[in-house]
1. Of all residues in the range 361-387, which are exposed (fewer than 15 other Cβ atoms within 10 Å of the Cβ), more than 30 Å from residue 115 (Cα to Cα) and modelled with pLDDT of 65 or more?
2. I need the full set of residues from the range 327-354 which are in a helix (DSSP H, G or I) and either crowded, with 21+ Cβ neighbours inside 10 Å or within 20 Å of the chain's Cα centre (by Cα) (or both), in order please.
3. Checking residue 371 against (1) in a loop (DSSP other than H, G, I, E, B); (2) under 19 Å from the mean Cα position of the chain (by Cα): exactly one of these is not met. Which one?
4. For the range 81-126, enumerate the residues that are surrounded by fewer than 19 Cβ atoms within 10 Å (Cβ to Cβ), assigned to a helix (DSSP H, G or I) and touching a helix residue (DSSP H, G or I) at 6+ places or on another chain (Cβ under 9 Å).
5. So residue 65 passes all but one of these: (1) surrounded by fewer than 24 Cβ atoms within 10 Å (Cβ to Cβ); (2) modelled with pLDDT of 75 or more. Which condition number does it fail?
6. Given the conditions (1) part of a loop (DSSP other than H, G, I, E, B); (2) modelled with pLDDT of 80 or more, report the number of the one that residue 25 does not fulfil.
7. Can you find, within the range 166-198, the residue that is modelled with the highest pLDDT among those that are in contact with a helix residue (DSSP H, G or I) (Cβ under 8 Å, 6 or more places away or on another chain) and part of a helix (DSSP H, G or I)?
């Protein structure tokens, strides 16, 4: 394989080669050629990569998620919460060789629509360009790879030089990808790469490594960084506010920490006491841990309590109007960030109207908010709970992602 400036012309990684393999999480080696280099790109040697819960939906071609995105185009390889070192920086990239950067689920946006110009690139009107399932104007696919190679490479390009297309299914395993450099966020020196990687999105993550290359996982299930920071911050969490986090998995364990860091009075809601010890380790008071198995009793005790509820759960029968709405104060807010594989149960509009409740969802966050989040993590010592495994065990540990 030829190389330019130490960067391989062809990347390799682990991919599900078809839908059957995807549903079985059967990953095999795959190679592809990235977009041609130009001076608005940077090359990153990836050192750490987390795997998000959304990767499972993608690998398994979850057709019910027909806007996020579906169907999956195979071969498909996942991983979009990366930390790495810039080893080559184009003169127009705005980055320097040697800097440590992170990239989450989004690698590009048009940069010219009203939404992008207002600082909300996540909801770009011309189409979210994903780090996985993202497609550039020239037809090349944006992806990041998990590889047995000692070095994994990632490349970026400037969004303003492209007329980006809507997000498309991703086309196969890579050992790198190309995206907009403004979505490559410099990582504060106080944060370890293991902690920072899961914060770049939301993930059910394994942290694998091949000497210098790692892919991280949490002991708790779905991992969360910017995915929970965004709704907690924009939801008004702060001193004097009561915030409840539903689900104490990976998303929830960081959600609790963000709410505490912002000064809110934090509660945890879980269907059982299995995560009570974890919640208390994260700083939730013993009497702030709510077991919601008995919906009627829980509603009676905690009705009209919370200013903000953030649900990280992916259960198909979310008790939206039977539990969450009653627990909110008037003009309270419910935001979901979990992705149930079935439709949320229907409810009557008066459940919202009579209390002035707001109900919505949230998707990751723009580069400016990711930078802010990392600064908050440093200031308040927010940590991801992770452990690591050799890259050679990626096939063995793929089952941990579905059976945490």
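The values are calculated or read from the model by the stated rules, or taken from the named source; none is laboratory data. Owing to the predicted nature of the structure, the values given are computational and were not obtained by experimental measurement. No Cβ is skipped: glycine too gets one built from the backbone with ideal geometry, and neighbour counts run over all protein chains shown.
1. 380, 381 - these are the residues of the range 361-387 that are exposed (fewer than 15 other Cβ atoms within 10 Å of the Cβ), more than 30 Å from residue 115 (Cα to Cα) and modelled with pLDDT of 65 or more.
2. Within the range 327-354, the first condition is being in a helix (DSSP H, G or I), and the residues that meet it are 327, 350-353.
The one that is in a helix (DSSP H, G or I) and either crowded, with 21+ Cβ neighbours inside 10 Å or within 20 Å of the chain's Cα centre (by Cα) (or both): 327.
3. All conditions pass for residue 371, except number (1).
4. 115, 123
5. The number of the failed condition is (2).
6. Condition (2) is where residue 25 drops out.
7. My answer is 183.
So that you can scan it fast, the table gives a plain yes or no per residue for (1) at pLDDT 95 or above; (2) farther than 20 Å from residue 227 by Cα; (3) in contact with a helix residue (DSSP H, G or I) (Cβ under 9 Å, 6 or more places away or on another chain):
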residue: 253; (1), (2), (3): no, no, yes
residue: 257; (1), (2), (3): yes, no, yes
residue: 261; (1), (2), (3): yes, no, yes
residue: 266; (1), (2), (3): yes, no, yes
residue: 322; (1), (2), (3): yes, yes, yes
residue: 338; (1), (2), (3): no, no, yes
